[in-house]
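Participant: Below is the structure I would like to discuss, written out as structure tokens.
The values are calculated or read from the model by the stated rules, or taken from the named source; none is laboratory data. Bear in mind that the values here come from a model prediction, so they are computed numbers and not experimental data. For neighbour counting, all protein chains shown are included, and Cβ atoms are generated from backbone atoms with ideal geometry for every residue, glycine included.
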């Protein structure tokens, strides 16, 4: 398994710069101010840093980098001069760290951050972008050169500030690893086993097998996995870091480890991408990992429904009627509208068992959301304005795109069935909204709820701000921020 880059904080030492190998980065302001390390690098290179400032500072933006290749007077292969204002935002500093991670490739990196007030955020940016999924490459293993050294004026203090940020980065990486895995490796059983391993972090993990799901009446969820040899499961993860009797925030994830579409078979072209259809469950898992690693003073429960949607002689057919745990009957119009069948049962179970303070579900649910929002924003649907606004604010603070979409009775009416309580799809018009309305039917009016359709942001073909092409880990940072802002015990959190 891939782990986040190791960031080591050490005291500023100008003498280290001359012999440092790989890449060295120094920070300057657009006004031309240099800290101790930058001044030392400027002397070693006989004024090269000052020449960069003179040439670039006037038009430079925060986070811009100019590279001096093979700088005279230094052993480094490159000296990166970064313009970064002392009063920059945490997101600006994080993006600056991303820029350094992109430049360094696999070279050792020494970042001279000095007394910069955003040094911890800079380190998180480096960690987030310094990711590759190499578990299935056959190249000979090499000595890992990816550790980063950061010279700061107060290494112990900065290390303490960075620790919870790097815990979140670890959660992002865990989500990316899960989402990138091929379906022959990440079966429902393997997925559940990896989550069970997180009990070592202090999470309480429980795996509900098919016999228990049948006993509970989860007919909608079980119908999705009927055609697969891989057993359907629900995994429950509890983090009890808050007040003993405080109702938890519940996170619910769609975990379709591979989606053929079932009997309503998808086109062959692009079907290989359906290994990412468990992305919602991946995000829930990454958030729970981050909360445990940073010892969050909050009560949060994460539930993921793990299934595989395959065609076979046992598979659910279009026209079948299945019964949900809530007791509602559902006419299956399209077996490729399966994620909502998984989520509806888990949503109902979550409310019955945990009486949550609020719920957020995540799913790579509809292609329609990609048509509407592309790959820049997740679709956000909610029954509670205050809760929704809190999440949107958290997403903005973390630089993760999210856009609110409507809910209304007219869309819900599109789900009416002639023979059952509802259909599992309302057709092509407003497909993302009718999918959200389907889930809305399984949410109590008194429970604040958000549905996140992450089909466009969970895994992408091109690099994003924080991630290379492939799984992004979108949502882990925003949801961790939501927990910190709204659900942590203030007396414990300080």
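Participant: Is there a residue being modelled with pLDDT under 90, under 20 Å from the mean Cα position of the chain (by Cα), outside the structural domain of residue 176 (by TED's automatic domain parsing) and not in a strand (DSSP E or B) anywhere in region 94-101?
Facilitator: We begin by selecting, within region 94-101, every residue modelled with pLDDT under 90; these are none.
For region 94-101, residues modelled with pLDDT under 90, under 20 Å from the mean Cα position of the chain (by Cα), outside the structural domain of residue 176 (by TED's automatic domain parsing) and not in a strand (DSSP E or B): absent.
Participant: Right, here's the next one. Anything in region 421-439 that is part of a loop (DSSP other than H, G, I, E, B), crowded, with 18+ Cβ neighbours inside 10 Å and at negative phi? List them, or say none. Full working, then the answer.
Facilitator: Quick first cut of region 421-439, residues part of a loop (DSSP other than H, G, I, E, B) only: 421, 424-430.
In the following step, the residues that additionally are crowded, with 18+ Cβ neighbours inside 10 Å were identified as 424-426, 430.
424, 425, 426 - these are the residues of region 421-439 that are part of a loop (DSSP other than H, G, I, E, B), crowded, with 18+ Cβ neighbours inside 10 Å and at negative phi.
Participant: Are any of the residues in region 98-116 in contact with a helix residue (DSSP H, G or I) (Cβ under 7 Å, 6 or more places away or on another chain), surrounded by fewer than 21 Cβ atoms within 10 Å (Cβ to Cβ) and over 22 Å from residue 169 (Cα atoms)?
Facilitator: The answer is yes, given that some residue of region 98-116 is in contact with a helix residue (DSSP H, G or I) (Cβ under 7 Å, 6 or more places away or on another chain), surrounded by fewer than 21 Cβ atoms within 10 Å (Cβ to Cβ) and over 22 Å from residue 169 (Cα atoms).
Participant: Only strands (runs of 3 or more DSSP E) wholly contained in region 318-380 count here; list those with 2 or more residues that are surrounded by fewer than 19 Cβ atoms within 10 Å (Cβ to Cβ). Break it down stepwise before answering.
Facilitator: On the way: elements: 321-323, 329-331, 358-363.
Those strands (runs of 3 or more DSSP E) span 321-323.
Participant: Can I ask one more? Among the numbered criteria (1) surrounded by fewer than 16 Cβ atoms within 10 Å (Cβ to Cβ); (2) closer than 19 Å to residue 34 by Cα; (3) in contact (Cβ under 8 Å) with a residue 12 or more places away in the chain, which one does residue 47 miss?
Facilitator: For residue 47, the exception is condition (3).
Participant: Something else about it: Hey, among the residues in region 50-85 that are touching a residue at least 24 places away in the same chain (Cβ under 8 Å) and part of a helix (DSSP H, G or I), which one's nearest to residue 18 (Cα to Cα)?
Facilitator: 52
Participant: Hey, another quick one. Does residue 403 meet the test of being crowded, with 19+ Cβ neighbours inside 10 Å, at pLDDT 95 or above and over 21 Å from residue 336 (Cα atoms)?
Facilitator: Taking the combined requirement at face value, the residue does not satisfy it.
Participant: Please verify whether region 229-239 includes one or more residues that are modelled with pLDDT of 95 or more, in contact with a strand residue (DSSP E or B) (Cβ under 9 Å, 6 or more places away or on another chain), surrounded by fewer than 23 Cβ atoms within 10 Å (Cβ to Cβ) and within 30 Å of residue 480 (Cα to Cα).
Facilitator: Kept after step one, since they are modelled with pLDDT of 95 or more, are these residues of region 229-239: 229-239.
Now drop any that are not in contact with a strand residue (DSSP E or B) (Cβ under 9 Å, 6 or more places away or on another chain), which leaves 229-239.
Next, only the ones that are surrounded by fewer than 23 Cβ atoms within 10 Å (Cβ to Cβ) stay: 229-231, 236, 238.
Narrowing the set further to residues that are within 30 Å of residue 480 (Cα to Cα) leaves 236, 238.
Within region 229-239, one or more residues are modelled with pLDDT of 95 or more, in contact with a strand residue (DSSP E or B) (Cβ under 9 Å, 6 or more places away or on another chain), surrounded by fewer than 23 Cβ atoms within 10 Å (Cβ to Cβ) and within 30 Å of residue 480 (Cα to Cα).
Participant: Another question about this same structure. Scanning for something assigned to a helix (DSSP H, G or I) and in the same structural domain as residue 177 (by TED's automatic domain parsing), does region 440-459 turn up at least one residue?
Facilitator: Step one: of region 440-459, the residues assigned to a helix (DSSP H, G or I) are 440.
Restricting the remaining residues to those that are in the same structural domain as residue 177 (by TED's automatic domain parsing) gives 440.
Within region 440-459, one or more residues are assigned to a helix (DSSP H, G or I) and in the same structural domain as residue 177 (by TED's automatic domain parsing).
Participant: Within region 33-42, track down each residue that is out of contact with any strand residue (DSSP E or B) (no Cβ under 8 Å at 6 or more places or on another chain) and either surrounded by 16 or more Cβ atoms within 10 Å (Cβ to Cβ) or within 12 Å of residue 79 (Cα to Cα) (or both). Show your work before the answer.
Facilitator: At the first step, the residues of region 33-42 found to be out of contact with any strand residue (DSSP E or B) (no Cβ under 8 Å at 6 or more places or on another chain) are 33, 39-40.
Matches in region 33-42: 39, 40.
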